[in-house]
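Taken together, the values in this text are just the output of simple stated rules run on the coordinates, not laboratory data. Note that this is a predicted model, so its numbers are computed, not measured. Heads up, the Cβs are rebuilt from the backbone with ideal geometry, glycines too, and the neighbour counts pull from every protein chain shown.
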Amino acid sequence: MTWLALAAAAVPFVFGTIRAIQTGSDFRYLWIAVAAAIGTAGVLLTSRSAARGAVRVGIVVFAIATVLAVAVAMLLGTRFGPGLLIVAFAFAFWFAVSGVLFRLGARRS
């Protein structure tokens, strides 16, 4: 499960890297991924490691990662709108999946 959690967490960084390579100068997706990852790490570090709370952790990770992704995007000059929300929700989704898988895998160890 831990490898799947890492793979899920890597998805936003892959998208950010692809965007940076394609444009040559747009690193916003990478900064958004970093902010959401920090939020995810904070939730995982401060929550209990019980697997029965894995879905709850996923919900909290999704909420915090979304807020941080939107905040960082807006600080970087992105206008609030559907495009920003789609990216924020997508990144938060992958981090939430990662958090749930990580929590479920921690139970087995």
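Okay, here's what the table says:
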{"read-out": "Selection count where residues are surrounded by 12 or more Cβ atoms within 10 Å (Cβ to Cβ) and without any contact (Cβ under 8 Å) to a residue 12 or more places away in the chain, scope segment 45-62", "value": "1"}
{"read-out": "Positions within segment 93-109 being surrounded by fewer than 21 Cβ atoms within 10 Å (Cβ to Cβ) and in a helix (DSSP H, G or I), in sequence order", "value": "PHE93, VAL97, LEU104, GLY105, ALA106, ARG107, ARG108"}
{"read-out": "Conditions (1) in contact (Cβ under 8 Å) with a residue 24 or more places away in the chain; (2) under 18 Å from the mean Cα position of the chain (by Cα): number failed by LEU85", "value": "(1)"}
{"read-out": "Yes/no for ILE59 being under 13 Å from the mean Cα position of the chain (by Cα), among the β-branched types (Val, Ile, Thr) and in a helix (DSSP H, G or I)", "value": "yes"}
{"read-out": "Single residue of ALA71, ALA90, ALA20 found to be surrounded by fewer than 21 Cβ atoms within 10 Å (Cβ to Cβ), in contact (Cβ under 8 Å) with a residue 60 or more places away in the chain and in a helix (DSSP H, G or I)", "value": "ALA90"}
